[in-house]
Amino acid sequence: MGSTAVDTGTGTSRPANGVGPLLRHWRERAGLSQLELALRADSSARHISFVETGRTRPSPRMVLRLAEHLDVPVRERNALLMAAGHAPHYPETPVDDPSLAALREGLERMLTAYEPFPALVVDGRYEVVAANRGIAALLEGVAEHLLRPPLNAMRLTLHPDGLAPRIRNLPQWREHLLEQMRRQLALLRSAPLRELYEEVAAHPVPGGDTERRGTASPFALPLVIEHQGHVLSFFSTITAFNTPMDVTVSELAMETFVPADPETAALLPRLLG
């Protein structure tokens with residue numbers, strides 16, 4: 001039997017090394033048999049079996065084909081290639097690299113167009129890449145030490161010196177964010193992301209019933225937050241790039257906050273001045 005490494009933060013197990021056990025891990029996670037994967041990837045169950053048991057070394061093309069059909073994240077596709085003895089296929093370009101200038105300009109235009117509603121872009125570690133004035137307005141009153149670069153969206157939201165004391169439905173919103181991070185940790189072997197998860201999960205949660213009137217929704221969990229004497233309610237949506245060809249770009253996400261009631265929609269233009 002192949003050895004495994006336990007991911008203690010999420011309760012899942014990962015193969016210790018080797019492309020075969022790694023591919024088997026992703027196949028089982030997708031709930032596919034070797035035959036089902038073979039049919040999707042235009043291969044044979046025998047070949048998939050040989051790859052998983054180490055009897056066959058897959059070509060880079062085969063690794064990428066299998067990874068695509070298993071919906072493996074871009075970063076982990078590089079890990080599969082390296083485990084098979086091949087070079088990484090996808091570059092990892094710093095977001096401030098000149099080659100990504102057009103990408104940054106496009107994101108800035110989208111964020112500006114979304115005003116007065118809050119919107120921001122985060123990377124794979126939840127560090128804020130860009131944000132609009134709607135987000136800046138909500139951050140009024142956040143402790144200075146949390147506003148020093150690099151800003152981290154999870155830390156800003158869940159730290160006791162951040163937005164947490166003003167979030168009316170903090171227990172529910174906190175669990176939503178932590179579950180989001182747990183899902184990512186089940187996909188990515190990221191020590192920085194794990195450290196961030198352990199940090200923000202350790203922050204205290206106010207006792208008692210902190211969910212107050214006006215936080216319920218029949219179809220989605222809102223973020224309900226107090227701001228300058230008002231109660232604002234938002235639904236959030238997350239947008240990612242389609243078919244990214246760079247590790248950094250694959251992990252960028254734009255989160256936009258849609259007013260969940262007419263009062264919030266009417267207040268936001270005034271709050272931005």
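What fraction, in whole percent, of alpha-carbon pairs in the chain exceed 36 Å separation?
Values: 9887 of 37128 pairs.
For the chain, the fraction of Cα-Cα distances above 36 Å is 27 percent.
Rounded to the nearest 0.05, what FRET efficiency is calculated for residue 128 and residue 270 with R0 set to 22 Å and r the Cβ-Cβ distance? Please report the intermediate quantities before stating the final value.
Numbers: r = 25 Å, r/R0 = 1.12.
Efficiency computed from Cβ-Cβ geometry: 0.35.
With a 10 Å Cβ neighbour count serving as the proxy for reagent exposure, in which order, fewest first, do 238, 48 appear?
Numbers: 238 10, 48 26.
Arranged by neighbour count, lowest to highest, 238, 48 become 238, 48.
Rounded to the nearest 500 deg cm²/dmol, what is the calculated helix-only ellipticity per residue at 222 nm for the chain, with -39500 (n - 2.57) per DSSP H run of length n ≥ 4? Provide the component values of the computation, followed by the final result.
Working: 12 runs with 117 residues, N = 273.
The helix-only estimate for the chain comes to -12500 deg cm²/dmol at 222 nm.
Using only the Cα atoms of the stretch 55-101, each taken as one equal point scatterer with no solvent, compute I(q) by the Debye sum, divide by I(0), and report log10 of the ratio at q = 0.18, 0.23 Å⁻¹.
-0.57, -0.78
What is the fewest-to-most order of 126, 114, 197 by other Cβ atoms lying within 10 Å of their Cβ? Before the final figure, lay out each step's value.
Values: 126 25, 114 18, 197 21.
Final ranking by Cβ density, sparse to dense: 114, 197, 126.
Test of understanding: ordering 47, 230 by Cβ neighbours within 10 Å, fewest first, what list do you get?
Numbers: 47 16, 230 13.
In order of increasing Cβ crowding within 10 Å: 230, 47.
Report the Cα-based extents of the stretch 110-158 along its three principal axes, largest first, to the nearest Å.
Result for the stretch 110-158: principal-axis Cα extents of 29, 26, 17 Å.
Computed from the coordinates by the stated procedures, all read-outs in this text should not be read as laboratory data. All values reported here derive from a predicted model rather than from experimental measurement. We place every Cβ from the backbone using ideal geometry, glycine too, and count neighbours over all the protein chains shown.
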